[in-house]
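Quick notes on the structure that follows.
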Amino acid sequence: MKDLVTVIKFTIKDMVKRKSFIISTIIILILIVAGFNIPNILKSIGGEDTQEKLLIVDEQNVFEGTLENLNNINLDYNIQIENISYDKIKEKIENEEIESAIVIEKQENNIKIRYIVENTTMMESVPEELVNMINNMYSNLQISKLGLTYEQLQSIQPNFEFSLEQTEEEKASGNVLAIMLLSIVLFYAIYFCAYQVSSSITTEKTSKIMETLVTSTTPKTIVLGKTIGIGIVGLLQMIIIVGTAIISAKSFLEPEMIDAILDLSNITPYLAIVTIVYFILGYLAYALLYALTGSTVSKPEDIQSANTPVAILAVIGFYLSYFTMMNPTSELNVFASMFPISSPFCMPFRVMMGIASASDVAISITILVVTILIIAQIAIKIYSSAIFNYGTKMSFKDIIKIYKDKNN
């Protein structure tokens, strides 16, 4: 145990002293703070008025002077009403006095609406909000001319209430964006922390530090110590990053914007505990695999190719989780929450959506722990012999041979 603690301390000190770790962490924190400040920066650059300036020209008085009422409605437009020529409209747009204009022209059998902007893209069209606004306003104008009573008007324009329901008893809830962000953060945290194990082992093999470590303690202690040490650093880094993001969101964003985008009401202590548990277990599974691949190469430039199979496994697990979010009550999503390569990325968001029972979480964790124990047994056996390989990169056949010889 003393040797294990020594290796863990050595690994932690080595990780936090690295310039790459310090610089990358600082850059991530700066980007997070700057990212949450973007709305304030845009507001300071563009002023308080962020509404689009829209000019409406109704020279033939099709709307009979009712267009002035648009400024009394809560729209995302600062509307000006003027009867000016196309050349004047073009001049106003070029001088940035307005951003767009609508010209209303009554023809024989229809009303033509010209939407004018400075330039258009292939995918651009007349904003649906403006189309609905003009249609509703003209309909209301014509209905008012008929002299209908309030009851008659209500029968023509009832208030429809739409709701989305499902036949399945199991119902998912929660903000999809927050759930996807949680899954992405978990994937990158687990992936990059686990990758550091492989990089660290190969670097120490190159510098011959590994020989000194092996003479002081057992290979088993080394692989577990390095895995735990890097995991502790990664967990603390993730807590700092997530904490900075939450503090920045609450400090720089308006409460209404936070609720609309992230809906932090679903973030509970239980979810935090489950997320940390799955980070630790997911990290251990992938870190032990990376420890195995790191021990099979002796040159830093061979790390990437050696780690490719594990990286592919991690990406498959992540995308299996990510794409089944679209249908969280499906059998495939349940499978993803139990399958050990994808459960670290899938089960926390099932908990966040309120569709994972305590027994589901317990079964998923049990499967993941058993998988980790199997991986650890295989990885440590191969690692014990492979760390002394200073020749070419070992093939998969060589790894199998080492494992069989170790069992004999």
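The values are calculated or read from the model by the stated rules, or taken from the named source; none is laboratory data. On a predicted model such as this, the values are computed, not experimentally measured, just so you know. Cβ atoms come from the backbone with ideal geometry, glycine included; neighbour counts cover every protein chain shown. Accessible surface is based on the protein model in full, side chains and every heavy atom, while ligands, DNA and RNA are left aside. Shrake-Rupley method; radii C 1.70, N 1.55, O 1.52, S 1.80 Å.
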Practice problem: Would you mind computing the Rg to Rh ratio of the range 1-147 from its alpha-carbon coordinates, Kirkwood style for Rh? | Solution: 1.37
Quiz item: If you roll a 1.4 Å probe over the heavy atoms of the protein chains, what accessible area per residue do you get for the range 1-149, in Å²?
Solution: 69
Exercise. State, in angstrom, two size descriptors of the range 268-323 derived from its alpha carbons: Rg to one decimal place and Dmax to the nearest whole number.
Key: 14.3, 45
Quiz item: Separation between the Y188 and I26 pseudo-spin-labels, each 7 Å from Cα along Cα→Cβ, expressed in nm?
Solution: 2.0
Quiz item: Label V62 and I367 with points 7 Å out from Cα along Cα→Cβ: what is the distance between them in nm?
Solution: 6.0
Quiz item: What order, most packed first, do the peptides 180-189, 285-294 have when packing is the mean number of other Cβ atoms within 10 Å of each residue?
Solution: 285-294, 180-189
Self-check item: Amide H contacts under 5 Å for I79, placed H, 5+ residues apart
Solution: L54
Exercise. Run the quick spin-label model on D87 and K250: label points 7 Å from Cα toward the beta carbon, then report their separation in nm to one decimal.
Key: 6.0
Quiz item: What is the ratio of the Cα radius of gyration of the range 227-383 to 2.2 N^0.38 Å, where N is its residue count, to two decimals?
Solution: 1.16
